[in-house]
Every structure is written in structure tokens, then in C-alpha cells.
1. Can you give the angle from 0 to 90° between the axis of helix 55-64 and the longest principal axis of the chain, with both taken from C-alpha atoms, to the nearest 10?
2. Considering only the other residues whose Cβ falls under 13 Å of the Cβ of residue 17, what net charge follows from Lys and Arg at +1 and Asp and Glu at -1?
3. What distance in nm lies between label points placed 7 Å from Cα along the C-beta direction at residue 51 and residue 3?
4. Kindly express, to the nearest 10 degrees and within the range 0 to 90, the angle between helix 14-25's C-alpha long axis and the longest C-alpha principal axis of the chain.
5. Express the accessible area of the chain per residue in Å², computed with a 1.4 Å probe while the remaining protein chains stay in the model.
6. Please compute the net charge surrounding residue 33, taking Lys and Arg as +1 and Asp and Glu as -1 over other residues with Cβ under 14 Å from its Cβ.
7. Per residue of the chain, what 222 nm ellipticity follows from adding -39500 (n - 2.57) for every DSSP H run with n ≥ 4, rounded to the nearest 500?
8. For residue 1, what is the net charge nearby, where nearby means another residue's Cβ is under 14 Å from its Cβ and Lys, Arg count +1, Asp, Glu -1?
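The values are calculated or read from the model by the stated rules, or taken from the named source; none is laboratory data. The model shown is predicted, which means the values in this text are computed figures rather than measured ones. FYI the Cβ positions are ideal-geometry reconstructions off the backbone, even for glycines, and counts take in every protein chain you see. Surface accessibility is based on the protein's heavy atoms, side chains included, excluding ligands, DNA and RNA. Shrake-Rupley method; radii C 1.70, N 1.55, O 1.52, S 1.80 Å.
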Amino acid sequence: MEKAILQLETLSCPSCMQKIEGALKSVNGIDKDSIKVLFNSSKAKINFDSAVTSIEEIQKAIENVGYQVLKVKVKAA
């Protein structure tokens, strides 16, 4: 497992957070219990299995619901 912190564009409301959480839950390979989208800092924190999904697929899922990923940091969990 790897841990990713994704800096997102500024989130304007709590429903933005819920949309991003839903997008992340739909990606195979993400530990669903690890998903944390932080409204105040506009960050998403997840644990994922890089053998199942890639950080590019995770970013694409977020972008597909209309939000931009500005920066990604990945490290071993």
C-alpha cells in the first residue's frame, strides 16, 4: 500500500467534498476506510494499492467529477 496526499483546487462547499469522496470510493485499489477529504485545506488523503490502480487513475476520477488536482505526494504507507 502507498499513501497519497492530493492538493486540490479550493473546495467551495461541503458537497464538493462529498463528490470527491464518492469519486474516490469508485476507484478499485483504494482503501475505502482511508479516504479523507479535508474541506479547510482542500486536500484528499488516501491509501491505495499501486498494483491495482495508479495515481493517474485516481487523479482522473477526481477530474471526472469536475475538480482539479494541483499537486500529488505519494509515499509508502
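1. Its long axis makes an angle of about 30 degrees.
2. Details: positive: 19, 25, 36, 43, 45; negative: 9, 21.
With Lys, Arg at +1 and Asp, Glu at -1, the net is +3.
3. In this crude label model, residue 51 to residue 3 measures out at 2.1 nm.
4. 20
5. Values: 4520 Å² over 77 residues.
Ligands and nucleic acids excluded, the result is 59 Å² per residue.
6. Around residue 33, the charge tally is +2.
7. Working: 2 runs with 22 residues, N = 77.
Computed ellipticity for the chain at 222 nm equals -8500 deg cm²/dmol.
8. Working: positive: 3, 32, 45, 75; negative: 2, 31, 33, 49.
Net local charge, residue 1 excluded: 0.
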